[in-house]
Amino acid sequence: MRQPIIAGNWKMHLGRVDEALAFVRRIRHPLNEIEGIERVLCPPFSVLAAVAEVLLPTNISLGAQTMHWEERGAHTGEISPAMLEGLCKYVILGHSERRATESMAESDTAINRKVHSAMSHGLNPIICVGENLQQNEAGETHAFVVKQVRAALEGLTAEQAKKCVIAYEPIWAIGTGKAATPADVNRTIGLTVRGAIVELLGEEVAQAVRVQYGGSVNVENIATFMAMPEVDGALVGGASLKPDFVELVRRAKNF
Ligand code: 13P
């Protein structure tokens, strides 16, 4: 049995200490009471330490939104795995907003380096994959996502891979209010994401890795995704910034 995992990716929001703390103080007790599902908050770097402190008495986990693969060095503005070690349990890697050419242009190779580096610092990667609209419409989703999954997990041992979470986030569904259909998500996660892991590391690993869906998940549609057997949780953007994120997590339970 894979334990479901819901993570809130705050992106570049709630990044001031006062606003982040006000929000977390409001949601932490009810969120903490929800059992049987792992809950993760991924705030911006500017508030990670402050949020970590307020979450101390809870079993809500903390995640970072990216990191460099190097432990230290001349990398202005970057955050290293050593800086996150002991502070975060998770780190989101390869989000499409960072893979985008007009943004950070992160390559599959860079993401794989980061995955290995996270592993060696005791951080569990949440690896984002997903096709854009053009690829989706051209029927290229399967081939593209298989390539991303293979590249990200390249060189990992079975034990390391089992600690990874994969977030299948079709780019066209992110922040658009147009979520993919639960049936399509179930098929892509089962055949494409797990299929790629089977080829790389075998069936046992593929069945152990948790795979989330991300893209316009909200309090109204979360249950429809969680009802799908291949879906082990969600990576939530916009809807994780509101107090009813607690209700969203409640509705993700019991599937
Ligand atoms: P939205 O939930 O705002 O669509 O964002 C999804 C996402 O990118 C999470 O990483």
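The values are calculated or read from the model by the stated rules, or taken from the named source; none is laboratory data. The structure presented is a predicted model; accordingly, all values stated were derived computationally and were not measured. Here the Cβ is made from the backbone with ideal geometry for all residues, glycine too, and neighbour counts use every protein chain on show. Ligands, DNA and RNA are excluded from the accessible area calculation, which covers all protein heavy atoms including side chains. Shrake-Rupley method; radii C 1.70, N 1.55, O 1.52, S 1.80 Å.
Values as computed for the structure displayed
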quantity: The chain: DSSP helices with Cα axial extent of at least 15 Å and average Kyte-Doolittle hydropathy no lower than 0.5; calculated: 141-153
quantity: Helix-only [θ]222 nm of the chain, DSSP H runs n ≥ 4, -39500 (n - 2.57) each, per residue, nearest 500; calculated: -10000 deg cm²/dmol
quantity: Highest-first arrangement of 119-127, 82-90, 165-173, 53-61, where packing means the average Cβ count within 10 Å; calculated: 165-173, 119-127, 82-90, 53-61
quantity: Selected from 74, 64, 158 as most flexible by GNM, with the chain as the system and alpha-carbon contacts under 10 Å; calculated: 74
quantity: Where the chain is the region considered: accessible area per residue in Å², 1.4 Å probe; calculated: 45 Å²
quantity: Inter-label distance, nm, simple model (7 Å from Cα along the C-beta direction), residue 29/residue 137; calculated: 5.0 nm
quantity: Accessible area in the full protein assembly, largest first, 1.4 Å probe, for 68, 13; calculated: 13, 68
quantity: Unit charges at the beta carbon, dipole of region 101-183: most positive-side option, 157, 132, 144; calculated: 157
quantity: Lys, Arg +1 and Asp, Glu -1 on Cβ, resulting dipole of the chain about Cα centre, debye, nearest 20; calculated: 440 debye
quantity: Whether region 31-151 is rounded, prolate or oblate, judged on the alpha carbon gyration tensor where a/c under 1.5 counts as rounded; calculated: oblate
quantity: Of all accessible heavy-atom area on the chain, the percent that carbon and sulfur account for (1.4 Å); calculated: 52 percent
quantity: Rounded FRET efficiency, nearest 0.05, which uses the C-beta distance separating residue 58 from residue 247 and R0 of 25 Å; calculated: 0.90
quantity: Cα-projected label distance for residue 21 with residue 208, points at 7 Å along beta-carbon direction, nm; calculated: 4.1 nm
quantity: Accessible-area value, residue 163, 1.4 Å probe, nucleic acids and ligands omitted, Å²; calculated: 120 Å²
quantity: Calculated FRET efficiency for the pair residue 159/residue 49, C-beta based, R₀ 30 Å, to 0.05; calculated: 0.50
